[in-house]
1. State which residue is surrounded by the fewest Cβ atoms within 10 Å (Cβ to Cβ) when the search covers only region B:402-455 and only residues that are in contact (Cβ under 8 Å) with a residue 60 or more places away in the chain and in a strand (DSSP E or B).
2. Would you mention how many residues in region A:102-125 are assigned to a helix (DSSP H, G or I), within 19 Å of residue B:368 (Cα to Cα) and in contact (Cβ under 8 Å) with a residue 24 or more places away in the chain?
3. Could you give me the residue pairs with C-beta distances under 8 Å whose first residue belongs to region B:42-58 and is more than 9 Å from chain A (Cβ to nearest Cβ) and under 14 Å from residue A:70 (Cα atoms), whose second residue is at pLDDT 90 or above and surrounded by 21 or more Cβ atoms within 10 Å (Cβ to Cβ) wherever it lies, and which are 6+ apart or on separate chains?
4. Taking the options B:49, B:93, name whichever one is within 23 Å of residue A:110 (Cα to Cα), modelled with pLDDT of 90 or more and in the same structural domain as residue B:248 (by TED's automatic domain parsing).
5. Going by the structure shown, is residue B:230 touching a residue at least 24 places away in the same chain (Cβ under 8 Å), more than 14 Å from the chain's Cα centre (by Cα) and at the interface with chain A (Cβ under 9 Å from one of its Cβ atoms)?
6. Can you work out which of the residues in region B:3-13 that are farther than 16 Å from residue B:245 by Cα and surrounded by 12 or more Cβ atoms within 10 Å (Cβ to Cβ) is farthest from the other protein chains (Cβ to nearest Cβ)?
7. Report every pair of residues separated by at least 6 positions or lying on different chains whose Cβ atoms are under 8 Å apart, first residue within region B:351-362 and free of Cβ contacts under 8 Å to residues at least 40 places away in the same chain, second surrounded by 24 or more Cβ atoms within 10 Å (Cβ to Cβ) and in a loop (DSSP other than H, G, I, E, B).
8. So, in region B:73-90, exactly how many residues are in a helix (DSSP H, G or I), closer than 23 Å to residue B:324 by Cβ and facing chain A (nearest Cβ under 7 Å)?
C-alpha cells in the first residue's frame, strides 16, 4: 500500500515538472525550480524503489537484477533523441550506437527475465 | 506550436504511464506468482515510453534510430532467448556494460552539443553530465572485466601488484579533480576546447578506474561486484535524466540504483564486510596470506557413492546445501533427481541457500528452478538455519566457506563473524567435493574433519548420478 501511495506521489511530482517546464518557457529564470523538482522525483523514486526492493525475496534476486537492468535501459529514450535530432553526423552515429546498446538490454533483458521467472514453480499437487 | 504542446503532453503522459508500470512491475517481483505478470507490465511500460519518444518533435531523421533498433534487437533477442541459465552471471555482467555504454555515449554527445549552445551546460547540468559520464565509463570497463572473470578469459584470482593502491588513488583523484574543475569552470560560460580535452581525459581515466577496480577482486566476491555495478549503471542513467531534464530516466535509474545498492549491502553483510570495504574494492587482496588453522594431524573420512546412497536413501529429513561447485559441475539436474527419489521414498528434502553462494545474488535459486526444483523447497539462511538440528543428513554440494564453523567459533579466522549455514548441527554431513583444496577464502574448513562428516570426492554431477543409481537399487 505504501508503495502504491509513493507511486502516486511520484506521478504527482512528475506532473508538477511538466507544468514547471511550461513555466520555464515563459520565464527562463525559473530553471532552478524545475531542477529542484527533478531532485524530488529522484528522491521519491529512490525511496519507492527501496521500499519495494527490500521486499523482494532472495529467491528472486537474479531475476530482479535482470529486470532492473532492463528497466534502466530506458536510457534508450535519451539515445533515440540524440540519434534522430538535428546534430552533426558523428553525434547521430554515437546516438545510433547508444540506441543499439540500450536496445540489446531492453529486448534481451525483458526476454531473459521472463524466461527465468517462467521456471519458478511451486510443488505440483500430487497426482 | 499548439501541436507541439499537445505532442509534448502526450510524451509526458506516456512517461508517467511507463513510470507507474515500472514501479508496479517491480512490486510484482516481491512474490513468485505475481512476478511474471509484473514484468510483462513493465515491458509494456517500456514500449509506451519508446513510442512516446519517437513522437518527440526534436527528432528529424529516423534512419539512425531504425538501424540502432534493428541491430540492438538482432543482438538482444538471441542473447535473451539462447543464453543458458548457467551463463547467467556473465550475461548480467555484460548487460551492465551495454547499459553503461548507452549512458556514456549520451553523456559525451550532450557535452559536445553544449559547445554550440551559448552559455554552455551551466553548473547544474554539468554536475549531472560529468557524473553520468564518470560512472558510465567506469561501469563499462568494470562490467567488462567482471564479464571476463566470470567467463574465464580473465583470471578469477585477485590480480595485485606493488603500488597498486597508490596508482588507483592517483587515477581516481585525477578523474574527480577534472570533474570538479569542469563543473567550476562552467560558471564562466561556454565550453571551450580546454573543456573538451578535460572531459576526454576524465572519460579515459574513468575507463581505467573500471579496470583497476575489478582487477584485484576474486571470483567469490563477484556477487558484490555485480550488484555494485548494477547500482552504478542505474545511478548513471538517473544522472542522464538530470542532464537532459527527462524524468522517466530519473525514475528508472533511481529504481535500478536502489536495487543494486540494496543487493550490494545484502551481499556484503552475507560476507561480513563493511560497505566501505566493498566500495573501495579492498577485498580479495590480502587473504591468501592468512591461513588460520592448518589441517595437520587432522584426518577426514571418505565414503563411496554406495555408502552415501545408503545413508541418503534411508534418511527422513535431508537438507541440501548447494554452492558454486554445483554450478561448475552443472549438477543441478542430478540433484533434482536425487531429491525426487528421496521424496518418493518418503523423506523430506529442502535446499539451504546462502546469500553469496555462487557468483551473483540468487544464482543457486535460478539454477535449481531451471532444473525444476519447486521454489517452495528453497530456503534462505534465516529460514532454515535452525532446522539443521532436526535433519538426518546434510548434503553439502560444492559449497565450502559458507559452511565453515570457524566463522562462529574461531575469532582468529579471516571469515570470523560471517553468517554461515549451521551444517555442523546436522546428525550426519556428507560433503561432495572435488578434492581437499581450500575454498575461496584460502582457509581450512573444520567441518570436513568432524566425526560426523563423510567426504564424497569427485565431480558433483557424476558422483550424484552414481548415488541416484544406487538409491534406486536400495
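1. That would be B:428.
2. If we filter region A:102-125 for residues that are assigned to a helix (DSSP H, G or I), which is where we start, we get A:102-119.
Keeping just the survivors that are within 19 Å of residue B:368 (Cα to Cα) gives A:112-119.
Filter once more, keeping what is in contact (Cβ under 8 Å) with a residue 24 or more places away in the chain: A:112-113, A:116-117.
Final tally of qualifying residues: 4.
3. Sorted first by the residue in region B:42-58, then by its partner, the pairs are B:44/B:21.
4. Numbers: B:49 fails: in the same structural domain as residue B:248 (by TED's automatic domain parsing).
After ruling out the rest, the residue left standing is B:93.
5. Values: touching a residue at least 24 places away in the same chain (Cβ under 8 Å): yes; more than 14 Å from the chain's Cα centre (by Cα): no; at the interface with chain A (Cβ under 9 Å from one of its Cβ atoms): yes.
Answer is no for this residue.
6. Of all residues in region B:3-13, those farther than 16 Å from residue B:245 by Cα come to B:3-7, B:10.
Cutting the leftovers down to surrounded by 12 or more Cβ atoms within 10 Å (Cβ to Cβ) gives us B:5, B:7, B:10.
On the way: B:5: 8, B:7: 13, B:10: 11 Å.
Only one residue fits best here, namely B:7.
7. Cβ pairs passing all conditions: B:351/B:373.
8. Step one: list which residues in region B:73-90 are in a helix (DSSP H, G or I), which gives B:73-82, B:85-90.
Still in the running and closer than 23 Å to residue B:324 by Cβ: B:85-90.
Filter again for facing chain A (nearest Cβ under 7 Å), leaving B:88.
Going through region B:73-90 one residue at a time, the tally reaches 1.
The values are calculated or read from the model by the stated rules, or taken from the named source; none is laboratory data. From a predicted model like this one, the values you see are computed outputs, not experimental measurements. Quick reminder, even Gly has a Cβ in these numbers, built from the backbone with ideal geometry, and neighbours come from all protein chains shown.
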